[in-house]
Amino acid sequence: MPPSPHLAIVKDDTSGPLADVVFDRVLDAIYQGRLALGSVVNEAALAQEFGVSRGPVREAVRRLQGIQLITREPYMKARVITLSAESAIELFQMRMALEGMACKLAALRMTNDEVDTLLAELAQDRERRIDGAQDRPAFDFHERIVRACGNARIINALCGDLYHLLRIYRRHSGSVLERKDDAYGEHWQIIRAIRARDAELAESLMRSHIERAAQHLFTHLPQLAPLTAGDRAI
């Protein structure tokens with residue numbers, strides 16, 4: 001991993017702002033692939049990189065274990081998770097069910113101004129990706145749809161701790177440029193259905209979009225077995 005600015009404010013702070021910053025840095029390293037899937041998490045090396053004691057790093061690792069991004073077997077070193085077929089199937093099945101319903105509810109509840117704003121932000125994100133710009137805030141289409149649905153239980157299920165694990169799988173399912181282009185067109189179609197207040201179509205498009213992302217993930221990760229017809233059934 002490349003060197004990072006030192007974070008030391010209070011070097012032994014294991015539960016305050018410093019611990020949160022270290023957690024965010026380690027989480028970002030996993031998202032960006034600087035801490036590769038399956039790699040050993042060296043707490044001492046991370047502490048040295050961030051310029052902190054091992055306390056905040058140990059707390060960050062513990063929290064990342066809690067949200068299933070890091071695993072630690074008894075008498076074994078902590079490791080970043082690896083993508084498994086079983087976990088992927090379960091997560092994408094859940095996403096098809098819950099995000100499909102979230103999209104249906106969003107079509108019924110979003111205002112015209114909110115839909116227009118979402119469409120504009122989608123277009124801006126497309127331009128940012130084409131230009132390779134890194135200075136604009138990340139845009140998460142799926143999170144925006146889920147939060148717009150108004151159902152607190154769906155929001156908590158998909159935007160709580162599980163959100164981080166979902167992002168890892170989504171990142172790999174959309175990591176090829178061809179899939180990114182397809183995903184953009186599918187997102188645009190979903191917003192059109194929402195704008196038309198066609199809740200059933202919006203739900204169907206979202207479910208199909210997630211299923212295609214799942215198939216793409218299995219195709220491009222050889223260690224994962226493809227979904228079967230039975231696996232696709234919700």
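Summary of values
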read-out: Vicinal HN-Hα couplings computed from phi for region 138-145 (Karplus, 6.51 cos²θ - 1.76 cosθ + 1.60; Hz; Gly/Pro x); value: 5, 10, 10, 4, 5, 4, 5, 5
read-out: Packing-based ranking, highest mean first, of 164-171, 139-146 given that Cβ atoms within 10 Å are counted; value: 139-146, 164-171
read-out: Sequence-distant residues sharing a close amide H with I70 (under 5 Å, placed H); value: Q65, I81
read-out: Segment A45-W188, length gained on full extension (0.36 nm per residue, minus Cα span); value: 47.2 nm
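Readers should treat all values here as calculations from the given coordinates under stated rules, not as data from a laboratory. Bear in mind that the values here come from a model prediction, so they are computed numbers and not experimental data. We place every Cβ from the backbone using ideal geometry, glycine too, and count neighbours over all the protein chains shown.
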